[in-house]
Amino acid sequence: MIKKNKPEYQDDYIKSILFNTKTIAMVGLSDDEKRPSNFAAKYLQTKGYKIIPVNPITKKKIILKEKVYSSLADLEFVPDMVDIFIKSEKVLNIVNAALKIRPKTIWLQLGVVSKSAEEKVQKANINFVMDRCPKIEYARLVGELGWGGINTGIITSKKIKLIR
């Protein structure tokens, strides 16, 4: 099934967010290494981002060598980004909690869509990305997706310079 009306974001907008982000609170980060959230978080860690696991369900106290928090309200500092890795129907409550701590960016993962969340975040003048994965966007923008044979639209013979 092809999704219609997928939001469009300019590459410069995404680059600006990723370049200006150092800390990412990942809501719904799984302790299971086979889950997409864990894989994405691990990749972003290798690129220099500090990942803050937020997971009210897990009994683990540490995920990817980082302390697990049960909610955004429990964080000891405001992260640059809140990356929401949960089902679309549960997003609005998490977005409301994120708006209370006011990160620079609220990012809804690939497949997570909420127009009402988008409207709220935009009214609060906070960067917003929906239905995208920061891991995929980062890899695309630095040309790493091309290593897997994916056409990124970036053609260069120069050594890849990371965007951070």
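A search for C-beta distances below 6 Å between a residue of the range 97-113 that is over 20 Å from GLU76 (Cα atoms) and β-branched (Val, Ile, Thr) and any residue that is at pLDDT 95 or above and part of a loop (DSSP other than H, G, I, E, B), counting only pairs 6+ apart in sequence or on different chains, returns VAL113/MET130; VAL113/ASP131. Of all the residues in the range 53-67, those that are out of contact with any Asp or Glu (no Cβ under 6 Å at 6 or more places or on another chain) and either among the acidic types (Asp, Glu) or assigned to a strand (DSSP E or B) (or both) number 4. Inspect all residues belonging to the range 68-75 and state whether any of them is in contact with a Leu (Cβ under 9 Å, 6 or more places away or on another chain), modelled with pLDDT of 95 or more, within 20 Å of THR105 (Cβ to Cβ) and outside any loop (DSSP other than H, G, I, E, B). Yes: one or more hits.
Among the residues making up the range 68-78, those that are hydroxyl-bearing (Ser, Thr, Tyr) and either touching an Asp or Glu at 6+ places or on another chain (Cβ under 8 Å) or touching a residue at least 24 places away in the same chain (Cβ under 8 Å) (or both) are TYR69, SER71. Somewhere in the range 8-24, is a residue exposed (fewer than 12 other Cβ atoms within 10 Å of the Cβ), out of contact with any strand residue (DSSP E or B) (no Cβ under 9 Å at 6 or more places or on another chain), in a helix (DSSP H, G or I) and acidic (Asp, Glu)? For the range 8-24, residues exposed (fewer than 12 other Cβ atoms within 10 Å of the Cβ), out of contact with any strand residue (DSSP E or B) (no Cβ under 9 Å at 6 or more places or on another chain), in a helix (DSSP H, G or I) and acidic (Asp, Glu): present. Looking across the range 79-99, the residues that are under 14 Å from the mean Cα position of the chain (by Cα) and either of a type outside the set (D, E, K, R) or in a helix (DSSP H, G or I) (or both) come down to PRO79, MET81, VAL82, ILE84, PHE85, ILE86, VAL91, ILE94, VAL95, ALA98. Restricting attention to the range 100-109, the residues being crowded, with 22+ Cβ neighbours inside 10 Å and either part of a helix (DSSP H, G or I) or in contact with a His (Cβ under 9 Å, 6 or more places away or on another chain) (or both) number 0. The sole residue among GLU119, GLU89 that is at pLDDT below 95 and acidic (Asp, Glu) is GLU89. Here LYS50, LYS60 are screened, and the one residue that is touching a residue at least 24 places away in the same chain (Cβ under 8 Å), surrounded by fewer than 20 Cβ atoms within 10 Å (Cβ to Cβ) and under 15 Å from the mean Cα position of the chain (by Cα) is LYS50. The numbered conditions (1) at pLDDT 95 or above; (2) touching a Ser or Thr at 6+ places or on another chain (Cβ under 6 Å) are all true for ILE14 except (2).
Would you please name the residue that is surrounded by the most Cβ atoms within 10 Å (Cβ to Cβ), looking only at residues in the range 25-47 that are in a helix (DSSP H, G or I) and among the hydrophobic types (A, V, I, L, M, F, W, C)?
Residues of the range 25-47 in a helix (DSSP H, G or I): 36-46.
Those still in the list that are among the hydrophobic types (A, V, I, L, M, F, W, C) too: 39-41, 44.
Values: PHE39: 14, ALA40: 23, ALA41: 25, LEU44: 23.
Looking at the filtered set, the residue picked out is ALA41.
The values are calculated or read from the model by the stated rules, or taken from the named source; none is laboratory data. This is a predicted model, so every value here is computed, not measured. We place every Cβ from the backbone using ideal geometry, glycine too, and count neighbours over all the protein chains shown.
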